[in-house]
Structure formats: C-alpha cells, structure tokens
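Participant: Got a structure for you, written out below as structure tokens; questions coming shortly.
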Amino acid sequence: MAQFTLEELPVLPLAETFALTAAYNADSFPDKVNLGQGVYRDEACRPWVLPSVRAAEEVLHNQNANHEYLPITGDKQFNDKARELMFSPKLAKNPNIRTVQTVAGTGANNLAALFCAHHIKPKNVFISDPTWDNHYLIWKTAGPEITQKLYPYYNASARSFDFDGMIAALEAGEENDVVVLHPCAHNPTGFDPSQEQWKKIAEVIGRKRLFVVFDSAYQGFASGDPDADAWAIRYFYSTFFGALSDSQTNPPTGMLVCQSFSKNFGLYGERIGALHLISPQSVAAEGAYTHLIRLIRAVISCPSLFGARVVNTILSDADLTAQWGEDVKTMALRIQGVRASLRAELEKINIKGDWSHIEQQIGMFSYTGLSKAQVERLKDVHHIYMLGNGRMSLSGLNESNVGYVARAIKDVVDHE
Ligand SMILES: Cc1ncc(COP(=O)(O)O)c(C=O)c1O
C-alpha cells in the first residue's frame, strides 16, 4: 500500500480577507486605503474601542475577578443577556430557546453546522449566493456529506436582491434540509429582504419543513437600532415557535440562531458570540440541548471569559446599555454618511453608469459591481485594497481619502 506523506498535501491560499490585510500592511505607499476587512474604523480610519466597552473594562479592572473555567455552556448571565438582545426580554423568557456561549460568530456557525451534520443529517444545505465565504468552508468541514445548494440572492444586472430566484430555489428543498439566512446587513451584497418578502420566505420554509440557521453578525449595523435589525429572527420565532401552543401546522423542524458580538460591540479579537437552539415544541428539546453541549465539550471544552464579561457588564447596566446604543448608532451613521459621500464624489467627477446602489445598500459593505480585473487594478495602480468580488468595507473611507478612492474607481471603470 502506498504510504501517505505530508508532502502530498497541496499548498492552499490564505483566506482572502486575511491575505488582503497582510498585503495592505506590507504596502509602503503613504496613501494606501484598506477597504478589505469587515471591521469598523473611526473617522481617522483607526480601530475604535466603543466608549461603552472602555467603561466596562474599567468596571472589570476593579473587580479583580479570577480566571476559573466557565461551564461548558458558558456564562449564564451572558447567555441570558445575549438571548434578550436577540429575541427581546419578553420572548427570551420562553423555555423553548436554549442558549450557549460560543467562540464569536464563526464558532456559533461552526457549532450549528456540526450539530446539523451530526443530528439533523440534512441531505442539502441552502446557502446564499453570494455569502460570507466562510459559510462554504464551515459547512464543507462540518458536514462533507451534505450537498451545498446555492440559492440566488443577488441580481447583478438589476443590482438588487433576487427575491424570485431565492424563493424558487427554496421551493426545491426537502424536509429537514437546512437553510442558512442572513437576518440583516447581508454580507457581501448589503441588500436585505423587505418585511413582506421575509413573510413569504418564512411561509416557504415552513411549508417545506426546512431547518433554519440564522447567522446574525451585524445586529445594529443595518439601521443603528438592534431591535429593528432583529426583526426577521423575531418574526420567524413568533410565527413558528412563539405561540407555545404546540399547534403550528407548518413549522420549520427547528431553528438555530448564531449571534456575533464582534462587530456591534467592536470585540473582534475577543471571540465572543452565542448560539440559540429553538425547539418547535413549547418546551426545550432537552436531549438536543445536551447533544449541543457534548459537541462544545469536544471542540473547545468551554468558552472564554473576557468578552462575555464585557458584554455582560454593559447589558446588565442601564447606563452602559444606553451608551452602547449610542455607540452602535455612531458606527451605523458614520457608515451611512460615507456611503453618501462616496456616491456624491463619484457623481461629481461624472463617472460612467449609475452608482445609486452604494447608498441603497445596508450595513458595513458595498457590493460595488466592480469586476475582479478592476479590483486588481485598484490594488496594483492605486494601492486600494478590497475583495475580488467587488465588496468594499466602507469604514475604511473618510473625508480625506474618499475623493482619492472615487477618482481611482473612475480610472478603473474608464480603463475597461
Ligand atoms: C455573515 C457573517 N457571519 C459570521 C461572521 C463571523 O464573525 P466573527 O466570527 O468575527 O464573530 C462574519 C464576519 O465577517 C460575517 O460576515
């Protein structure tokens, strides 16, 4: 039998956003611009520690807390607060939602995929096309036997959400197939379904008896209001699982909600998140919950402390919670302002085509419509870094570089 050697494994490229950041850091051009990584930057394009987070750090510093292990499911108070933020304090009391702490949004997605692969055993997982690229990798790694079906999400010629394409794809779903949904500020397109469209999406998912995985990474970033941005999740919950009457005729077979605190609390490197398991019955499926716990034990044993302590400190204190609300608004409004400035700059220099989509899109990103070749030229000639699919992370723009970026975009558009 031929022997396996390590040398047989091919060299793989680094994930694109990380490779892009490394290339940006290595670039010595003084006016370089980083529009790659999905991180918030202040008006001076510097990392921003939210004032509410700074205040919580002060509180924690004076607490002299210890560094013991957390329970496998994480910090109970953090889990309660995370659930309230996602579902509202009222719905969060319902016993059919169980919460565990995770390693940020990625850990929540990974745990959700592992849970589905081991215990739901779907034939297919429906993932939006395009999406956060890690969705493909996470599902391929957790469930290599599950077929990934991409549902159309973006209509490139109309530069809009492809509602009809999405519905048609979901109609082909089979019972217990998984569907991964972005509840708000869709990454990378910045287009979200309207409430009427969500209702239709929910109707199809319930009728086809699919299993829902929501991936919430931008709660607060879309509108500046965390409650408004949780609308789709709360609608699904209330429609299918919230009546607690056990009498739903067409509920999905269950629901998992991944919650990240990376963007809306600016806690990127602290890796703090949560996963909520929702049972169709009025009480929690205790067995399913224990299976989730078993997976956590195998993968991380138990989650980490600091991010949970920060979030907990903020959400347990009315003044800090109010400050955090202001902080989220500050981030969302700055990005909305940057959208308007970029569009205005582009129109001022009479760029070809219609660029109104930059202002219509929502959240951290603009799906610019620039081609791979144009993105390459932006990098090679102008030292402006963004993803190959044309996704621009808007917080890398400010008053002093938006004119430069607009002129560079005009150059690459004219160059075609
Ligand atoms: C849609 C989506 N889900 C999940 C994540 C993961 O976020 P994190 O693991 O940093 O919390 C991201 C990050 O970019 C994202 O865009």
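Participant: For LYS379, which aspartates and glutamates qualify as cross-link partners when the Cα separation must be under 15 Å and same-chain residues fewer than eight apart are set aside?
Facilitator: Those aspartates and glutamates meeting the cut-off are GLU16, ASP27, ASP31, ASP411.
Participant: Per residue, how much accessible area does the chain show when a 1.4 Å probe rolls over the protein heavy atoms, in square angstrom?
Facilitator: Numbers: 18450 Å² over 416 residues.
Result: 44 Å² per residue.
Participant: Mind listing the phi-derived Karplus ³J(HN,Hα) values for the range 330-335, rounded to whole Hz, using 6.51, -1.76 and 1.60 with θ = phi - 60°, and x for any glycine or proline?
Facilitator: 4, 5, 4, 5, 4, 5
Participant: Among ILE201, ALA82, ILE138, which residue has its Cα furthest toward the positive end of the charge dipole of the range 69-316, with +1 on Lys/Arg Cβ and -1 on Asp/Glu Cβ?
Facilitator: About the Cα centre, the residue reaching furthest to the positive side is ALA82.
Participant: Separate question: Considering the options ILE358, GLN63, ALA156, tell which one lies farthest towards the positive end of the dipole of the chain, charges being +1 on Lys and Arg and -1 on Asp and Glu at the Cβ, about the Cα centre.
Facilitator: Highest projection toward the positive end goes to GLN63.
Participant: Show the residues, 5+ positions off or on another chain, whose built amide H is closer than 5 Å to the amide H of ALA285.
Facilitator: Under 5 Å from the amide H of ALA285 lie the amide H atoms of SER279, each far enough along the sequence or on another chain.
Participant: Which whole-Hz ³J(HN,Hα) couplings does the range 154-167 yield from phi under the Karplus relation 6.51 cos²θ - 1.76 cosθ + 1.60, θ = phi - 60°, glycine and proline marked x?
Facilitator: In residue order, the calculated couplings are 10, 9, 5, 6, 8, 6, 8, 5, 8, 4, 5, x, 5, 4 Hz.
Participant: Shifting gears a bit: If you wrap a convex hull around the C-alpha atoms of the range 1-115 and split its volume per residue, what is the figure in Å³? List each step's numbers first, then the result.
Facilitator: Details: hull volume 29.6 nm³, N = 115.
Per-residue hull volume (Cα only) is 257 Å³.
Participant: Round to a whole number: what % of the accessible area of the chain belongs to carbon and sulfur, probe 1.4 Å? Present the calculation step by step, with values, prior to reporting the outcome.
Facilitator: On the way: 9830 of 18450 Å².
Heavy-atom surface of the chain belonging to carbon and sulfur, 1.4 Å probe: 53 percent.
Participant: Between their Cα atoms, which of LYS90/LYS263; LYS76/LYS121; LYS149/LYS208 are more than 23 Å away from each other? Walk me through the intermediate numbers first.
Facilitator: Numbers: LYS90/LYS263 25 Å; LYS76/LYS121 29 Å; LYS149/LYS208 15 Å.
As for pairs spanning more than 23 Å Cα to Cα, those are LYS90/LYS263; LYS76/LYS121.
Participant: Out of all Cα-Cα pairs in the range 63-204, roughly what percent, to the nearest whole number, are more than 23 Å apart? The partial results should precede the final answer.
Facilitator: Working: 4739 of 10011 pairs.
For the range 63-204, the share of Cα pairs beyond 23 Å comes to 47 percent.
Participant: Which GluC sites (Glu not before Pro) does the range 34-65 hold that lie in a coil by DSSP with at most 16 other beta carbons within 10 Å?
Facilitator: On the way: sites: GLU43, GLU57, GLU58; in loops: GLU43.
Passing both the DSSP loop test and the Cβ count: GLU43.
Participant: Using θ = phi - 60° and the Karplus curve 6.51 cos²θ - 1.76 cosθ + 1.60, what whole-Hz ³J(HN,Hα) does each residue of the range 32-41 get, with Gly and Pro shown as x?
Facilitator: 4, 9, 9, 10, x, 5, x, 10, 7, 10
Participant: Here's another thing I want to ask about it. Could you work out the pair-distance distribution P(r) of the chain from its alpha-carbon pairs, with 20 angstrom bin width and percents rounded to whole numbers?
Facilitator: Bin by bin from 0 Å, the calculated values are 26, 56, 18, 0.
Participant: Taking the Cα centre as origin and putting +1 on Lys and Arg beta-carbons and -1 on Asp and Glu beta-carbons, what dipole magnitude results for the chain, to the nearest 20 debye? Kindly include the intermediate steps, with their values, before the conclusion.
Facilitator: Details: 38 positive and 46 negative charges, 102 e Å.
About 480 debye.
Participant: While we're on this one: Take every Cα-Cα pair in the range 69-316 and report what % of them are more than 29 Å apart. Each step should come with its number before you reach the end.
Facilitator: On the way: 6649 of 30628 pairs.
So the pairs more than 29 Å apart make up 22 percent of the total in the range 69-316.
Participant: Go through the range 351-416 and name the trypsin sites (Lys or Arg not before Pro) that are in a DSSP coil and have 16 or fewer other Cβ atoms within 10 Å of their Cβ. All intermediate terms of the calculation are to be shown ahead of the outcome.
Facilitator: Details: sites: LYS352, LYS372, ARG377, LYS379, ARG391, ARG407, LYS410; in loops: LYS352.
Filter output for the range 351-416: LYS352.
Participant: What is the magnitude of the charge dipole of the range 69-316 about its Cα centre, with +1 placed on the Cβ of each Lys and Arg, -1 on the Cβ of each Asp and Glu, and no other charges, expressed in debye to the nearest 20?
Facilitator: The calculated dipole for the range 69-316 is roughly 580 debye.
Participant: Ranked highest first by average number of other Cβ atoms within 10 Å, how do 164-177, 91-104 line up? Intermediate values should be presented prior to the final figure.
Facilitator: Values: 164-177: 16.4, 91-104: 20.9.
Ranked from most to least packed, the peptides come out as 91-104, 164-177.
The values are calculated or read from the model by the stated rules, or taken from the named source; none is laboratory data. From a predicted model like this one, the values you see are computed outputs, not experimental measurements. For neighbour counting, all protein chains shown are included, and Cβ atoms are generated from backbone atoms with ideal geometry for every residue, glycine included. Note: accessible area is taken over every heavy atom of the protein model, side chains too, but ligands, DNA and RNA are not part of it. Shrake-Rupley method; radii C 1.70, N 1.55, O 1.52, S 1.80 Å.
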